[in-house]
Amino acid sequence: MEGSTMPSTVEEVFEDYQGRRAGLIKALIVEKENLCLYAYPKGTWEVTLPAEEVPPELPEPALGINFARDGMESRDWLSLIAVHSDSWLYAVAFYYCARFNKQERKRLFGMINELPTVYEVVSGRRSAKEKAPSNNGSHKAKTTSKKEKLPKQSSLPEEEDENYEDEYEESDTFCGICGGLYSGSEFWIACDICERWFHGKCVKVTAARAEHIKQYKCPPCTSKKRTHP
């Protein structure tokens with residue numbers, strides 16, 4: 001398997017987790033026959049046979065994930081795989097941090113918990129904190145001006161209100177693909193179907209291209225429309 005160097009710090013384990021998670025999300029929005037679904041720290045993924053060595057070097061993902069595919073609705077099947085993938089990600093991360101102290105383990109869990117799970121991304125289910133505020137404006141406004149969508153708190157003094165807005169903007173919106181936090185320095189685009197936000201680079205959409213898109217549909221929503229064999 002790829003990624004044989006064992007991470008030794010909280011940041012390295014979190015980076016490993018984040019990369020594998022991105023790979024799994026990519027895998028679950030691409031058509032491919034399945035055996036064992038692996039993801040690697042660089043954000044890549046692979047469907048292959050399980051490791052032969054016993055015990056394996058790392059915790060193994062669920063085996064035979066394709067067995068239930070034909071007897072289930074595609075959305076239910078993807079959600080099931082996403083749940084198994086989340087449990088595998090946690091197993092690998094906490095395998096690496098077995099020798100960490102209490103505070104390091106707690107900090108790692110907090111960092112991981114800030115990202116939406118693979119299941120939440122694939123199924124479209126998110127907590128209220130992660131949902132971007134709704135907007136009845138045009139698609140162009142959604143892709144070019146996120147700040148217009150932020151709620152105002154009239155009961156707060158003006159200075160506190162601005163601080164609240166900045167905190168909301170920076171901490172409450174995650175990319176639906178990589179899980180990264182919103183940053184005003186990067187181009188983001190919102191899906192008109194599920195209303196989730198994405199880095200333009202994660203969905204391969206530029207600001208110039210977005211100007212010509214009347215209704216944007218993200219990769220997860222696009223994949224839900226496909227009929228699995």
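The values are calculated or read from the model by the stated rules, or taken from the named source; none is laboratory data. Just so it is clear, the structure is predicted and the values come from calculations on it, not from any experiment. For neighbour counting, all protein chains shown are included, and Cβ atoms are generated from backbone atoms with ideal geometry for every residue, glycine included.
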Exercise for review: Go through region 158-229 and tell me which helices (runs of 4 or more DSSP H), entirely inside it, have 2 or more residues that are surrounded by 15 or more Cβ atoms within 10 Å (Cβ to Cβ) and modelled with pLDDT under 85.
Suggested key: 158-171, 219-224
**Study point:** Inter-residue pairs, beta-carbon under 7 Å, first assigned by TED's automatic domain parsing to the domain that holds Thr173 and in region 189-207, second of a type in the set (Lys, Arg) and surrounded by fewer than 17 Cβ atoms within 10 Å (Cβ to Cβ), 6+ apart
**Key:** Cys191/Lys217; Asp192/Lys217; Ile193/Lys217
Study note, to complete from the structure: If you go through Val92, Val122, the only one that is at pLDDT below 85, part of a helix (DSSP H, G or I), farther than 18 Å from Thr173 by Cβ and out of contact with any strand residue (DSSP E or B) (no Cβ under 8 Å at 6 or more places or on another chain) is Val122
Exercise for review: State whether the residues of region 62-71 include one that is within 23 Å of Pro220 (Cβ to Cβ), at pLDDT 75 or above, among the hydrophobic types (A, V, I, L, M, F, W, C) and surrounded by 14 or more Cβ atoms within 10 Å (Cβ to Cβ).
Suggested key: no
